[in-house]
Structures are given as C-alpha cells and as structure tokens.
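Have a look at the structure below before the remarks.
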Amino acid sequence: MNNSSQTDVDAKIASQHETKVAVIGAGIVGLMTALEIQRTGRRVVVIDPGEPGGRQAASYGNAGWISPSAIMPVSVPGLWRQVIVYLMDKSGPFVIRWAYLPRLLPWLLRFLWAGRNWKKVEECAKLRFELSRHSPRDHQNIAAEAGVGHLIEQKGLLSVCRNKSEFLANSFAWNMCRRLGVKITEFDAADLRRLEPNISERYQYGVRIDEGCHCTDLEAYCRAIAELIQERGGEFIRGKATGFEISDGCLKGVNIAGRAVECTQAVVTAGIGSRELAAAVGVRVPLESERGYHVVIAEGGNTITHPIMPSDGKMGITPTRQGLRIAGQVELAGVKASPDWRRAELLRQFVPRVFQAPFESDEAIDRWMGHRPSTPDGLPCIGATRSCRGLFYGFGHGHTGLTQAPATAKLLAALVAGQEPQCDLSAMSVHRF
C-alpha cells in the first residue's frame, strides 16, 4: 500500500472514531448504552440535568433486582376487575389518584387491553425474556469492567408465600419461566427456614430465581460506569435536552438551554422525560409514570442473605450497603403531583411482619419517590424513528430498567453502528402506538 492510500485509510478510521453520538439520559439504560456505543469506536456525549444515577433517576431508587425471570407484564387477564378496588383502596400496592383519572384513562384502557388474554401476555413475556435472559452475567461483567464487581451479588432472588396455594396462584408466570429455561428452586417451610432463618413463620413456601443478582449500591454502580465512560473519552453535559436540530430530515444536534450540541446521531434514554423528546419530532408515545417509592431502614439484626419479595406485600426487600431497602408500590398520579409519603410509610410498616425477631429500630434512613416510565403494553420502545434520520429510542422499561439495560444497550449500539440487531424489534417500535 502506498503512502497516499495509507493516509486515506487512516483518515477514514479517524473520522469514524470522531463520530459523535449524543445519549440523552444518565440513568442505567443511558449509561450502558453510552458504554456499548463506545465499543463501536464512536465518541459519546451523555446529556442529563442531574448526576449519573442520581436521585432524579429511577435507577437510583429501585429494588436493585437483576432477574432473568422479569418477563411478566403488569397487565394480565382479569386485572380490570381490580381497577375500582384500586381507586377506592388508598392502602393497597396499586393506587390511582382520582384527580388524574381523566388524563390517565386513554393509557389505562390500552393497558387493560394489552392483558386481555393469556396469549397476548405470553407473546409479551417471550419478548421481555429476550431483554432479560443474560442480564445477570452482563451486569457482573460490566461491574467488573468498571472496577466495582463487588456491588453485584449473585445469591438468587427469593419470593416467599404464606402457603403453596399462593405460589400456585401465579403458576402461569412460573411455568412460563421454566419453559424459557429460567432456573428455579422451590422450598417447603423447613428448607425455607434453613435458607433464611430470620424469615417469619408467616411464610411457609418459597421459590428462588437461582441465577438472579442484586445490586447493593445503585448510585455507586451508576457512578462507576460513568467514570469508565469518561476514562474512555466520553463527555458528560449537565443540562436538559429540550429538542433537536434537524435539517432535511437528518439529525444535526440536540438543543440544550438555547444552544445545540452538534451530533449526527442521538439516542433518547431519558426515562419519563422521553415522552416530551419524542413529541418534539412528532411522535406521540403513551408513556406514564408508575410512581414507585422506597424506604431504607437499619437491619437491626434481621439479616437476610437473599433479596426477598413477600407474596402478600408486593415489594422487594433488598440488603444494601446502606441497610434494608424496601421498594415497591405503583401510584398512577402523573409526573407533577407531589409525593404521597404514606406510600413509603406503608412499605416501612409491613417489613416487621416478614421477620422472626422484632426490629430494634425500623426508622427510615432514607425515603424516595421516582418515576418508572411505563408503556401500556409492557414493552419498552427500542429502535429508530421514522421522523428523523439518526435518532433512536431506548425507554419505557417500567419496573425492569435495571434488568433490561444491558440488552437494550447492545441493541441500540448495533443500530447506531448500522448493524442488524440480534432480535426483531418491530414489536418495540416507538411507532407501534
């Protein structure tokens, strides 16, 4: 090869490596997407008004579960019968504020329709499994790469029931998991007590997702990934993305507070804020906030090995570096409504029922409310938009953003690089609505 040809090749490689991709959102999905895009040789700039994984993000406050069994959508046959109960019961795990019901109704009808029969639920579950199946391994690898492998613990995820009948009542989901290859172990009362001696006698049956992991410090995990991105040349900009610079149908930049960040490709991974950004290019997405709460309390001697979900509590109880994190609740009230801290108090009050010994102190060390961005059909929006060349989406993961983040990131990185994704994304198109 002559010198001129070599120069042309070097210039082409340099040009590819200088290609800038904006990733809007510094939650776990955005951070992993930026990391995977970097692997394709592109420069990334991550845009978010807050710190990576900060309190503004759902990534900060979830239960920290990383589960290959996170396949079931929330909407299932018969759920519609419970809607009136949810409207009336202010102490239940699923709450709808009356004042928000008129605005919520179109989303709610789509939500109920999505779970109209078990065939639709099974189709959705199979797609969700593709985003979940390798998540424990992927998180372990990424955490090790970021130097925080100790933050991801693989001890399994334990659901506990008051009796076997409660377990069998959810047999569709468990059988579906088994058919897809998820490894599950069942425990009778004696085996459950040997596994977790501090569990109350109230619970007589258990099932463990054997390959499940949990994160013991979500904020530190997100921070470590952000630092890894920066070490590899990534840039972080503190600011709110408000729209896009578009010319002849092609992306030219992302608007932030009156200025534009130049780029020819961008990925919207902004959680609940993605709805407004999609609308900025004419795409209407029915995205609602399933507002979730958590409290963190000192263990007080009630040590557990596994993250635990009690069947009658519908919350995740996770041992973290700060204490026991109790996360759960679904509150449909919009983005702007003030937190109802009674939701967090209900979580705190339930926890003593789960353990044998009384708590020395169950005072809340921390409490949090955040927005889980949820589509009505239980599937995220992943793919390109038809309205602007160079613009991609990766949002709407609902309760399972942490679990589905690695697979979502790989799919988006492939799309940005012009490669064929590993699975059919048509059912997750942002235009399906």
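On the stretch given as the range 41-62, residues that are assigned to a loop (DSSP other than H, G, I, E, B) and either more than 16 Å from residue 29 (Cα to Cα) or β-branched (Val, Ile, Thr) (or both) total 2. Scanning the range 385-399 for residues that are within 15 Å of residue 281 (Cα to Cα) and touching a helix residue (DSSP H, G or I) at 6+ places or on another chain (Cβ under 6 Å) yields a count of 1.
For every residue, the table says whether it meets (1) surrounded by 17 or more Cβ atoms within 10 Å (Cβ to Cβ); (2) in contact (Cβ under 8 Å) with a residue 24 or more places away in the chain; (3) hydrophobic (A, V, I, L, M, F, W, C).
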position: 234; (1), (2), (3): yes, yes, no
position: 263; (1), (2), (3): yes, yes, yes
position: 274; (1), (2), (3): yes, yes, no
position: 287; (1), (2), (3): yes, yes, yes
position: 292; (1), (2), (3): yes, yes, no
position: 309; (1), (2), (3): yes, yes, yes
position: 319; (1), (2), (3): yes, yes, no
position: 331; (1), (2), (3): yes, yes, no
position: 336; (1), (2), (3): no, no, no
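Scanning the range 371-391 for residues that are surrounded by fewer than 24 Cβ atoms within 10 Å (Cβ to Cβ), of a type outside the set (A, V, I, L, M, F, W, C) and not in a loop (DSSP other than H, G, I, E, B) returns 371, 372, 383, 389. Of 401, 394, all but one fail to be closer than 23 Å to residue 241 by Cα, small (Gly, Ala, Ser) and part of a strand (DSSP E or B); the exception is 394.
Of all residues in the range 236-260 being loosely packed, with under 15 Cβ neighbours inside 10 Å and basic (Lys, Arg), which is farthest from residue 316 (Cα to Cα)? Ranking the candidates gives 259 first. Among the residues of the range 357-379, those identified as touching a strand residue (DSSP E or B) at 6+ places or on another chain (Cβ under 7 Å) and farther than 19 Å from residue 104 by Cα are 362, 363, 364, 365, 366, 367, 368, 369.
Scanning the range 283-299 for residues that are part of a loop (DSSP other than H, G, I, E, B) and at pLDDT below 95 returns 298, 299. Condition check for residue 208 on (1) more than 18 Å from residue 70 (Cα to Cα); (2) touching a residue at least 40 places away in the same chain (Cβ under 8 Å): one failure, at (1).
The values are calculated or read from the model by the stated rules, or taken from the named source; none is laboratory data. The structure displayed is predicted, hence computed values, not measured ones. Please note: Cβ atoms are built from the backbone with ideal geometry, for glycine as well, and neighbour counts cover all protein chains shown.
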